[in-house]
Structures are given as structure tokens and as C-alpha cells.
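**Q** Before we start, here is the structure in question, set down as C-alpha cells.
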């Protein structure tokens, strides 16, 4: 830790609107490692701590504080004389790793207090918003270790989150194997947000009207949220999220389920063989949630429903590849949302090959329309409007039906190998907002993917009774 403190240099790192769009949430995952060899020095306290702070020397941004200058302009300020040190703790518990395995690693089986920061970006007990929270939990009889690893979305997205985690793993392996001299050759990562502008193409594709209206339309509440401090905003949004009392579940969609669905719709959609797995899950999940919401409210797709009633869905894309930034080691946010609406009468009808084909065709237009020119137009739209990041937050928090879907599969979290093999299990913590869907890499990367879904309890009750969804996606916990 002392070496890390000595390495800190004062600096200010400007953030941009693309960063602040996700600023209300953390990216919190828990990695479970089993001590299969019953080694006494398994992922020792000293080795994990030393390698962590060695890693932090390559990411000085994590010693900074979030500072806002009004209307959403935000920077990370690193003060060498008064750093905001990472929240790194280690505890032990009386839960044996075998118990976790027997329960399938369900949230209810976890030791108390694993998550030390929670799902929302807000100040902790120290009065500061920590920019990285790590909690190492040692299982009973040294049977294994759980590592809670959380970073605010202010700083980076899921891709960069996993890059930091893998970097720590690599540093740990080198230090443990007596190869510390190779640390100097580790990759160098950039936090320079100007890199985004440098990578924009010359062409521009028009932004759809709904996405433009969402980010540019005036909202007094949104403006106030953008003006207040990050700490106060975090506290208010955390209270709003807590009131939703959201329920979450984790499902698995196998390769066989995806292929069966393609076969089912192939007669209606000749291009079914080329439709991405993510797009199929987006269509089925959106339809399932809409049906569940309809049943939970007791309204349904009836003649009394307004003819033009729609369901807002924010489809969020990771766009490093679109901007040719895949190999630039950029640690920041590169997420691009497209706000879509689908007629509720289309969504709420029973799931048949015909209704599902219509649903997929509806979302295909959105998915296929994301190109470099569209991303560039979006950046042009939001960059001069630093306060616009709160507008979609207000819109989606004010709706009981609005849904968000992270289109791209989260990176393979099971690559986080500290030298003892892949984690036995990796999981997000429990939910932060209703009606959200996140795609996760399954431990068996050859067999489909996992789906993290949140909803209001009454809606989730209907999801769990939905015959098509339960046949398509198997409940994990």
C-alpha cells in the first residue's frame, strides 16, 4: 500500500457525458474460488493485497475523487497529498465453500456482508465515494475465497472492469512465480477521454427521433439532478431504487434452446440463421416482461388499452469495435443507448412463432442500424450537453414498465485466474433497478449464456410462470 501511495501524482482526469450516463450505478461482481488442493497458502492475504496495490500503480485514477462543476461537468481529481484510497478489506466467515456449491451459489447462500458498496454509486461509511471496492472473504477451513470487485460506472464499463480484474490476476501470478521483473512489460491503459473524438468516423447517420428527444428534451427534475453533487445524487437515486423492492433471478439459455428457437421461426424469417443469439434473447425477454407486466396489472392487451400504447426499451450497445478502439487499451465507458418503443399490443400477445417473428423483426431494425456513423452522431449530440445524462435516468425511474437491455455479452468473467484456475462461479450482486436484463458469459462458454433479469416482485412472479420463457430459459436461482 505504501508503494502505491508514493506513486500517486496529483492530476485531474476529465470525464465525459458517456461516462456520466451510467454514473448512478456500480459494476459489482463476486468471484468464487475453491481451494481444491487444500493448500495452506491458497490466495494468501499477503499475496492478494500486495498484488492489488501493485495493480493500482497502473491505475492511479482509483485514488481520485469525483468532482462536479455544475450541469453535469465531472472530473476525477487525484490529490497526491490526500488520496481517496481504494476500499480494500479482508474478512473471514463461517460458510464452507461446499455449502456454496451445494446451493448452486445462490445469493441466499452467500456470507453476510460480501458486497461492501452495493449496487448504487454513493458515499460509504468514510463519507467518500470510493472508486474501487474490494472485499476478500475467506471461507471456513480455508476452503475457498470470494472476492467482491466493484467499480463505479463513472470510471468505466463492463469491458474495462474485467480488464482491471484480469490485470490484477496477471500481476498476482507474476509476483507469486518470482517474475516481478516482467511487471514493467505489462500493458499500459489510457483514461484519456479525448481518444473517443479521435476515433470518430467522418460520416454521420441520423439519430432516431425518440433517442434524440430522450437526451435533448427539457426536464426540470433532470436538470436539478445534474446540478447537485454526485454524493447527493447517489443518495437520492439509491432511495428511489430501494423503494422499487426489485426481485432478481439468474437464468441460463442453452445453445440448444437458441437453435430450437431459430428452427421455430425459420419458416417465417428466412434470415433466422443469421440472427445473433443476443437479438433472440432481447426479443424473447422483452416480450416476456411485457406479458408479465400486463398480467401483474390485470389490464392486458384489451380494447380499453390506448391504441398507441408502447413499451420503452433502452437497448445498450458496447461500441469499441464500431470505433476501432478494441486494441487501444481504453479504460472508460463506451456504451451507446438506443431508445426504442414497441406497441404493447404486439408485446402482450401470446408467444407464438408468428408473434415472435414480428418481435424479432422489430428489434432487428434497431440492432442492424447501429453503425459507426450513428455512434458518431450520438457523441456529437451528447458532448455539448453535459447535463443530458440525467434525462434517461428520470424517464426510466418514472416508469414502471420501461426496460433496459444490455445487448452485448459481458466479458468472460471466468478468465479471472489468480494462478489456481478459473473461478468456480461468478455472479453480479442482487438487483439495482426494475426491468433490467444483462447477458453474462456462462462458465461453460460453449453452451449458450446466462441472463440476469430484474423486475418488480408481482411482475417477476408472472415471468416465473411464463411457459415459453421457462422452456426457453432455465432458472439457475
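**Q** Can you pull out every residue in segment 403-429 that is in a loop (DSSP other than H, G, I, E, B) and within 24 Å of residue 175 (Cα to Cα)?
**A** Selection gives 412, 416, 417, 418, 419, 420, 421, 422, 423, 424.
**Q** A further question follows. Got at least one residue in segment 194-208 being touching a strand residue (DSSP E or B) at 6+ places or on another chain (Cβ under 9 Å), assigned to a loop (DSSP other than H, G, I, E, B) and closer than 30 Å to residue 427 by Cβ?
**A** The answer is no; no qualifying residue exists.
**Q** Can residue 392 be described as surrounded by 18 or more Cβ atoms within 10 Å (Cβ to Cβ), outside the structural domain of residue 26 (by TED's automatic domain parsing), touching a helix residue (DSSP H, G or I) at 6+ places or on another chain (Cβ under 7 Å) and closer than 30 Å to residue 44 by Cα?
**A** No: the conditions fail for residue 392.
**Q** Only helices (runs of 4 or more DSSP H) wholly contained in segment 211-287 count here; list those with 3 or more residues that are in contact with a helix residue (DSSP H, G or I) (Cβ under 7 Å, 6 or more places away or on another chain) and under 23 Å from residue 409 (Cβ atoms).
**A** Fully inside segment 211-287 and qualifying: 255-265.
**Q** Looking at 294, 266, 302, can you tell me which residue is more than 19 Å from the chain's Cα centre (by Cα), closer than 23 Å to residue 433 by Cα and either assigned by TED's automatic domain parsing to the domain that holds residue 468 or at pLDDT 90 or above (or both)?
**A** 294
**Q** Related question: Quick one: how many residues across segment 371-387 are part of a helix (DSSP H, G or I) and loosely packed, with under 15 Cβ neighbours inside 10 Å?
**A** Selection size over segment 371-387: 1.
**Q** If you don't mind, there's one more thing I want to ask. On the given criteria, is residue 136 within 27 Å of residue 42 (Cα to Cα), surrounded by 23 or more Cβ atoms within 10 Å (Cβ to Cβ) and modelled with pLDDT of 95 or more?
**A** In short, no.
**Q** Can you find even one residue in segment 117-138 that is free of Cβ contacts under 8 Å to residues at least 60 places away in the same chain, assigned by TED's automatic domain parsing to the domain that holds residue 53 and under 24 Å from residue 436 (Cα atoms)?
**A** No, segment 117-138 contains no residue that is free of Cβ contacts under 8 Å to residues at least 60 places away in the same chain, assigned by TED's automatic domain parsing to the domain that holds residue 53 and under 24 Å from residue 436 (Cα atoms).
**Q** Are any of the residues in segment 336-358 closer than 22 Å to residue 151 by Cβ and within 22 Å of the chain's Cα centre (by Cα)?
**A** yes
**Q** Right, next: Give 163, 181 a once-over and let me know the one that is out of contact with any helix residue (DSSP H, G or I) (no Cβ under 9 Å at 6 or more places or on another chain) and either within 26 Å of residue 413 (Cα to Cα) or in the same structural domain as residue 28 (by TED's automatic domain parsing) (or both).
**A** 163
**Q** Inside segment 34-56, can you point out the residues that are in a strand (DSSP E or B) and either surrounded by 23 or more Cβ atoms within 10 Å (Cβ to Cβ) or in the same structural domain as residue 220 (by TED's automatic domain parsing) (or both)?
**A** None - no residue of segment 34-56 is in a strand (DSSP E or B) and either surrounded by 23 or more Cβ atoms within 10 Å (Cβ to Cβ) or in the same structural domain as residue 220 (by TED's automatic domain parsing) (or both), so the list stays empty.
**Q** Further, regarding this structure: Can you tell me which residue within segment 68-91, out of those that are touching a helix residue (DSSP H, G or I) at 6+ places or on another chain (Cβ under 8 Å) and surrounded by fewer than 17 Cβ atoms within 10 Å (Cβ to Cβ), is modelled with the lowest pLDDT? Even if it seems obvious, please write down each step before you answer.
**A** We begin by selecting, within segment 68-91, every residue touching a helix residue (DSSP H, G or I) at 6+ places or on another chain (Cβ under 8 Å); these are 68, 70-74, 76, 78, 83-86, 88, 90.
Right, trim to surrounded by fewer than 17 Cβ atoms within 10 Å (Cβ to Cβ) and you get 70-71, 73, 90.
Values: 70: 76, 71: 79, 73: 90, 90: 98.
Restricting to residues being touching a helix residue (DSSP H, G or I) at 6+ places or on another chain (Cβ under 8 Å) and surrounded by fewer than 17 Cβ atoms within 10 Å (Cβ to Cβ), the top hit is 70.
**Q** Given the conditions (1) at pLDDT below 95; (2) surrounded by 19 or more Cβ atoms within 10 Å (Cβ to Cβ), report the number of the one that residue 126 does not fulfil.
**A** Only one criterion is unmet by residue 126, namely (2).
**Q** How about segment 57-166: which strands (runs of 3 or more DSSP E) wholly inside it have at least 3 residues that are within 17 Å of residue 428 (Cβ to Cβ)?
**A** 133-138, 144-152
**Q** When segment 308-331 is examined, which residues are found to be at negative phi, part of a loop (DSSP other than H, G, I, E, B) and touching a residue at least 40 places away in the same chain (Cβ under 8 Å)?
**A** Across segment 308-331, the qualifying residues are 319, 320, 322, 323, 325, 328, 331.
The values are calculated or read from the model by the stated rules, or taken from the named source; none is laboratory data. If you're wondering where the values come from, they're calculated on a predicted model, not measured in any experiment. Don't worry about glycine lacking a Cβ; one is built from the backbone with ideal geometry, like all the others, and counts go over all protein chains shown.
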